[in-house]
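Report on one structure; see the data block that follows.
The values are calculated or read from the model by the stated rules, or taken from the named source; none is laboratory data. All figures in this text were calculated on a predicted structure; none of them were measured in a lab. Cβ: placed from backbone, ideal geometry, glycine included. Neighbour counts: every protein chain shown. Just so you know, the surface numbers come from the protein's heavy atoms only, side chains and all, with ligands and any DNA or RNA stripped out. Shrake-Rupley method; radii C 1.70, N 1.55, O 1.52, S 1.80 Å.
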Amino acid sequence: MGGSHSREDLDISDSEDEYETEREHEEEDNYEDCKDETPDRSSSSSSRRRPKTPSSLDEVESKLKALKLKYPSAAQNPNAVKLYLHIGGNTPKAKWVTSEKLTSYSFLKTSRIDGRGEEEEDDDDGEGECEDPFWVLKVGFKIRVKVSAEMQLKTFKDQRRVDFVAQGVWAMKFLSDDDYKIFVTKFQDCLFENTYGYESNEANKLKVYGKDFIGWAKPEAADDSMWEDADDSLLKSPGSATPLRANQDLTEEFEEEANVGIQSLALGALDNSFLVSDSGIQVVKNYSDGIHGKGGFVNFSGGNYRSSSNLVHSTPKKALLMRAETSMLFMSPMSDAKPHNTGLHQLDIETGKIVTEWKFEKDGTDITMRDIANDSKGAQLDPSGSTFLGLDDNRLCRWDMRDKNGIVQNLANAGAPVLNWSQGHQFSRGTNFQCFASTGDGSIVVGSLDGKIRLYSSNSMRQAKTAFPGLGSPIRYVDVTYDGRWILGTTDTYLILICTLFTDKNGTTKTGFNGRMGNKIAAPRLLKLTPLDSHLAGVNNKFHKAQFSWVTENGKQERHLVATVGKFSVIWNFQQVKNGSHECYQNQEGLKSCYCYKIVLKDDSIVDSRFMHDKFAVSDLPEAPLVIATPMKVSSFSISSRQC
């Protein structure tokens, strides 16, 4: 199954009226059924056994007032809301239904999420450790959820409404603008405290973000002028927040059976691309309409794959093309829980042979790496390239396959040759590096477990030129544009897009890789799924490997961003995301979040989604084909000139 799918948010008000009418008819039918089933009794007997029915609502109200019951009215309860539930998923019958005509919400601080009474929170039976208290949102008796990014809260200021995920997709509508503002402010305060462990106040926000990045906490005070470099001539805002529901702009060109358990893609910019699988590496051909056709196959269990030092512990998860794509380096993690390795293998693509096993070593001691990357965006096209980048939890370095004298090592020698640590730094404190990427000029961006994103110039790996504070969620994957102006970080629940441009004291525009950005730093933008799409993607499915489309030439701009979550491949139009006046950003609270995307839905979980090199974009199409791999299939999609 393939194609493009987008779901606009359904109009609650229209659905509500329809649903209320249905409920009224149902109630009338039920009432009539009850009358028919009532046993026949004489009027005298009924008058003795039943109180007199009030003749009007006014009489009912007067009797209730006489009882002096202390039930607060909606006007007296600022936490009063209407609660809606989305049903029908992604079917034609999908709609919002009224769950509670009137209920109330509250924010509670607790160490339990199981709904046990709050009076029990201080009880300690001495068994196990009690979790630190955290904020939960409680709505009536139906919802109790920890305040977190996983809720995927989406605000609609003009509708006084918020949507979110909590074992289903819910919407709350508030009775006044003030009630809406109170909720949003409190939610953001609780989210800050749950994320960072500090009470939400000015002093703690300054502690978390730093004075230069206070605009990340107060987006309305941030300098967004740098975002406006988007070329408006290339952008025509669509008429709806999720444009083009039809399959007219994303067309599946090819889908081929892979016959192997694909683990990752290694796309080439020349003749071939490669499918890294459980059993080996499959070569496929590059065309202007995608990748297809099977070439050679390197079988890991055959004679092509010798392994004397047991460097391969599991299926290779990282493959790196080098030397004009005639050579490939690949790593295999020790385990899923420990994605590190003490070395890697080198494949000669022309012969289909593993030519050597390299060891990671520094000062005579074996060390590990968790990731490798090319020296720069276009380095894999350099026929003489011999260096590449390495990353570990507390290490950032450059490896050289030549010896310390710059001499190519004799790979025929017995034993595993040792890579030369040519540049880098071992950090003494816990940086918790997770992922990295390089720009066209060799500058490096590194993402960390604490959400920080650091920028290193091409000349130094010792000290970051700029360190963005992040938003508290671990950065699982990171990418950067060829020119270094934009960074895309992947977290489990959202993507974060950062502009690195700033103007120095001399009026020169630079990137954060080349200078310290000072205090005129633009707030980031978030790319998210709607609560409905997030719920449909599945509870355990997280974002992974968000990437820009692929260019390796100065003066060319990436056009799209793509990420994978579960069976979804999600595509954003880069120009649209950068356009601050786009209607998607209207009536939002906090950091601007873009929900304008296309979804390609596959039958199986997607392993990877990547755009081919820009050279494969033909004249009548604005973008190179998009390649989507599931474990057993590879599909190629073309994108038309219409805005996606």
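Among the listed pairs 452/598; 109/181; 510/615, which are separated by more than 23 Å between their Cα atoms?
452/598; 510/615
Given Cβ point charges of +1 (Lys, Arg) and -1 (Asp, Glu) and nothing else, what value in debye, to the nearest 20, does the dipole of the range 494-644 about its Cα centre take?
Once rounded to the nearest 20, the dipole reads 380 debye.
Kindly rank 258-269, 565-576 from highest to lowest mean number of other beta carbons found within 10 Å of each residue.
Peptide ranking by packing, descending: 565-576, 258-269.
How many Å² of accessible area per residue for the range 145-200, probe 1.4 Å?
43
Using a 1.4 angstrom probe, figure out how much accessible area the range 436-498 has per residue, in square angstrom, rounded to the nearest whole.
Accessible surface, normalised per residue, equals 27 Å².
Classify the range 362-503: rounded, prolate or oblate, from the alpha-carbon gyration tensor (a ≥ b ≥ c, eigenvalue square roots; a/c under 1.5 rounded; otherwise prolate if a/b is larger than b/c)?
prolate
Hey, with R₀ at 45 Å, roughly what FRET efficiency would residue 520 and residue 102 work out to, going by the Cβ-Cβ distance, to 0.05?
With R0 = 45 Å, the Cβ-Cβ based efficiency is 0.45.
Where the accessible area of the range 520-619 is counted over protein heavy atoms with a 1.4 Å probe, how much of it, in %, is carbon and sulfur?
Carbon and sulfur: 42 percent of the exposed surface of the range 520-619.
Could you tell me the calculated FRET efficiency between residue 257 and residue 393, based on Cβ-Cβ distance and R0 = 45 angstrom, to the nearest 0.05?
E(calc), rounded to 0.05, equals 0.70.
What is the distance, in nm, between label points placed 7 Å from the Cα along the Cα-to-Cβ direction at residue 492 and at residue 427?
2.2
With a cut-off of 20 Å, note down the residues of the range 423-444 whose backbone N falls inside the zone around a label point 7 Å from the Cα of residue 504 toward its beta carbon.
Of the residues in the range 423-444, 439-444 have backbone N under 20 Å from the label point off residue 504.
Please list, in order, the residues from the range 250-267 whose amide nitrogen is less than 19 Å from a point placed 7 Å along the Cα→Cβ vector of residue 317.
261-267
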